[in-house]
Amino acid sequence: MDFSDRDGLIWFDGEIVEWREAKVHVLTHGLHYASSVFEGERTYNGKIFKMQEHSERFIHSANLIDMPMPMSAEELNKAKMEILEANKLTDAYLRPVAWRGSEELGISAQKTKTHIAIACWEWPSYFTEEAREKGISLKTSKWRAPMPDTAVTASKTAGLYATHTMSKHAAEAEGYTDSLMLDYRGLVAEATGANIFMIKDGKIKTPDPDCFLNGLTRQTLIQLANDNNIPLEVCQITPEELKEADEVFLTGTAAEVTAVGKIDDTSYAVGPITRQLRDAYESLVRA
Ligand SMILES: Cc1ncc(COP(=O)(O)O)c(C=O)c1O
């Protein structure tokens with residue numbers, strides 16, 4: 001499936017354009033210098049889950065990379081609903097993206113304009129049904145989540161994903177589904193597009209997102225664990241501690257709640273707490 005060659009409509013700088021016409025010039029600043037931020041959102045039964053929070057994070061991501069954001073959260077919300085309706089989609093994935101244009105090309109980019117596009121398409125599940133039941137597999141990456149003063153780790157900005165793509169390629173080359181990224185200290189960080197949780201003796205643990213994205217799904221899962229009276233601690237997790245876990249799962253807008261069946265050579269069961277929270281999440285997003 002070539003993403004440039006599909007039927008549909010894309011919201012593009014305030015206009016609704018044909019999918020195949022949503023193009024940018026090769027001298028676009030965002031393409032050369034990664035001056036670009038994006039979001040990944042899902043709509044269930046016509047309602048975008050955490051729409052406002054995603055719009056706010058989108059603006060925050062742009063602010064963090066010093067890129068002016070010309071739209072308010074309310075305007076972004078309106079544009080998202082508009083493009084979903086134009087495409088007649090009620091259950092879909094949305095991809096808002098903002099980037100510096102081709103008005104100037106060089107490291108300094110004061111004269112560039114921030115452009116915005118929002119695409120949406122049907123995307124049932126990030127991982128296959130079989131992977132969902134057995135759990136996916138992760139291979140520990142040689143790439144690390146960087147120190148917060150080395151990269152803009154709280155921004156969902158394009159540049160951070162270069163190491164994520166390389167990590168995922170390396171994992172896939174060895175037959176794994178995704179990769180586990182440690183942080184600059186060697187502690188457990190996240191997967192390439194999702195946050196990680198472990199369960200040991202009935203207690204959930206998840207790392208503090210001090211050098212990687214604090215996912216909205218992660219925040220939702222913490223709330224769901226509280227609501228279900230399952231003890232949860234946000235703390236540092238070493239790879240050795242992760243090996244001893246009873247259950248491991250990932251969270252993300254695309255991944256939703258996905259059980260992990262294997263990390264490197266260690267296997268995990270798709271256990272009762274993962275199933276309970278996965279069910280709770282699936283009910284919540286459709287509520
Ligand atoms: C690197 C990374 N971590 C975590 C997440 C999970 O974030 P969220 O739950 O907000 O989708 C994502 C997905 O956006 C991601 O790309």
Nitroxide proxy distance, nm - points 7 Å out along Cα→Cβ at GLU103 and GLN52: 3.1
Jot down the per residue volume, in cubic angstrom and as a whole number, of the convex hull over the alpha-carbon atoms of the stretch 9-121. 87
Starting from the Cα of LYS23, draw a straight line to each of the aspartates and glutamates and keep only those under 18 Å, dropping any in the same chain fewer than 8 residues away. ASP2, ASP5, ASP7, ASP13, GLU15, GLU103, GLU104
Filter the GluC sites (Glu not before Pro) in the stretch 193-287 down to the DSSP loop ones having no more than 14 other Cβ atoms within 10 Å, then list what survives. GLU244
How big, in percent, is the set of alpha carbon pairs in the stretch 227-270 lying more than 12 Å apart? 69
Within the stretch 80-114, DSSP-loop GluC sites (Glu not before Pro) with at most 15 other C-beta atoms within 10 Å are GLU103, GLU104
The stretch 105-191 shape via C-alpha gyration tensor axes, a/c threshold 1.5: oblate
For the chain, count all C-alpha to C-alpha pairs, find those more than 26 Å apart, and express that count as a whole percent of the total. 46
Using a 10 Å cut-off around each Cβ, can you sort VAL285, VAL26 from fewest to most neighbouring Cβ atoms? VAL26, VAL285
Compute the length gained on full extension between SER125 and ARG185: take 0.36 nm times their separation in residues and subtract their Cα-Cα distance, giving the result in nm to one decimal. 18.4 nm
With each pseudo-label sitting 7 Å past Cα toward Cβ, what's the ILE16-ASP210 distance in nm, one decimal? 4.7
Under the 7 Å Cα-to-Cβ spin-label approximation, GLU241 and MET1 lie apart by a distance in nanometres of 3.8
Tally Lys and Arg at +1 and Asp and Glu at -1 over the other residues with C-beta under 12 Å from the C-beta of VAL37: what net charge comes out? +2
Of the residues THR177, THR238, THR128, which exhibits the maximal mean-square fluctuation in a Gaussian network model of the chain defined by a 10 Å Cα contact cut-off? THR128
If you average the C-alpha positions of the stretch 252-287 and of the stretch 131-208 separately, how far apart do those two centres end up, in angstrom? 16
Whichever aspartates and glutamates have a C-alpha closer than 14 Å to that of LYS200, once near sequence neighbours (fewer than 8 apart) are set aside: GLU233, GLU240, GLU241, GLU244, ASP246, GLU247
Based only on the alpha carbon positions, what is the Kirkwood hydrodynamic radius of the stretch 84-228, in angstrom? 17.9
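Throughout, read-outs are computed from the coordinates displayed, never taken from laboratory work. What you are looking at is a predicted structure, and each value in this text was computed from that prediction instead of being measured. In this analysis, Cβ positions are derived from the backbone assuming ideal geometry, glycine residues included, and neighbour counts consider all displayed protein chains.
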